[in-house]
Amino acid sequence: MEKIRGRAWRFGDHVDTDVIIPYKYKARTIDPKELGMHCMEGLDPDFPKKVVEGDVMVAGKNFGCGSSREQAPLAIMGCGISAVIAASFARIFYRNAVNLGLPVLESVEASKSINQGDTIEISLEDGTIEDLTTGERFRALKPPPFLLELLREGGLIKYYRKYARFPWG
């Protein structure tokens, strides 16, 4: 799996799914690009216009709390974010993200140290995060092999369509 590289966009603790994508948008479509045009608009209405394809979100604890709809990770992917780093994730958001092929990494140290606009490089294979702006390196919880396989293939549905089985069985 190739390394992920992009600029960091910082957010705080307890970013809920209604902030990631407001209900008025997630109720009317599941198109990732349309959802992405409204991603994070409750915190920064211009966020989708500022993101460059491949950028990375960095957040505090409990990222993705709230309702369990899959539109939240879809909106993040649709606006061009390639991965999310957080101190911790809401369990259902984490599962939905992996199922859709969005890499999510837990690292308290990276969450606290990475600054807005820093260039970040992520290796999912070994669970490392490097801040290329400051030179700092961080360890994230390394995804188990079956999650890496899912992410490599673009998520659960794409994996199943390709192999007609799940990676854990």
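The values are calculated or read from the model by the stated rules, or taken from the named source; none is laboratory data. Since this is a predicted model, take the numbers as computed values, not measurements. Positions of Cβ are backbone-derived with ideal geometry, glycine not excepted, and every protein chain shown enters the neighbour counts. Calculation scope for accessible area: heavy atoms of the full protein, side chains included, ligands and nucleic acids excluded. Shrake-Rupley method; radii C 1.70, N 1.55, O 1.52, S 1.80 Å.
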When (1) in contact with a Gly (Cβ under 9 Å, 6 or more places away or on another chain); (2) part of a loop (DSSP other than H, G, I, E, B); (3) open to solvent by 10 Å² or more (accessible area, probe 1.4 Å); (4) farther than 18 Å from Gly154 by Cα are applied to Arg7, the one that fails is (2)
Which pairs turn up if I take residues in region 124-142 that are over 12 Å from Ser113 (Cα atoms) and among the β-branched types (Val, Ile, Thr) and look for partners that are open to solvent by 70 Å² or more (accessible area, probe 1.4 Å) and modelled with pLDDT of 95 or more with beta carbon separation below 8 Å, at least 6 apart in sequence or on another chain?
Thr128/Arg137; Thr128/Arg139
With the structure loaded, tell me whether Glu121 is closer than 19 Å to Phe63 by Cα and either charged (D, E, K, R) or at pLDDT below 95 (or both) or whether it fails that test.
no
In region 52-76, residues that are over 21 Å from Glu109 (Cα atoms) and surrounded by fewer than 22 Cβ atoms within 10 Å (Cβ to Cβ) total 8
Restricting to region 10-30, name every residue that is outside any loop (DSSP other than H, G, I, E, B), farther than 23 Å from Gln116 by Cβ and open to solvent by less than 50 Å² (accessible area, probe 1.4 Å).
Tyr25, Lys26
Filter pass, Lys33 being farther than 21 Å from Val104 by Cα, of a type outside the set (Gly, Ala, Ser) and open to solvent by 10 Å² or more (accessible area, probe 1.4 Å)
no
May I ask you to list pairs of residues, at least six apart or on different chains, whose Cβ atoms are under 7 Å apart, with the first in region 6-27 being within 11 Å of Ser67 (Cα to Cα) and the second being hydroxyl-bearing (Ser, Thr, Tyr) and open to solvent by less than 70 Å² (accessible area, probe 1.4 Å)?
Thr17/Ser67; Asp18/Ser67
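Let's see how each residue does on (1) loosely packed, with under 15 Cβ neighbours inside 10 Å; (2) closer than 27 Å to His14 by Cβ:
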position	(1), (2)
Cys79	no, yes
Val84	no, yes
Ala87	no, yes
Leu124	no, yes
Leu141	yes, yes
Arg152	no, no
Ile157	yes, no
Lys162	yes, no
Checking Pro48 against (1) in a loop (DSSP other than H, G, I, E, B); (2) touching a His at 6+ places or on another chain (Cβ under 9 Å); (3) not basic (Lys, Arg), only one condition comes out false. Which one?
(1)
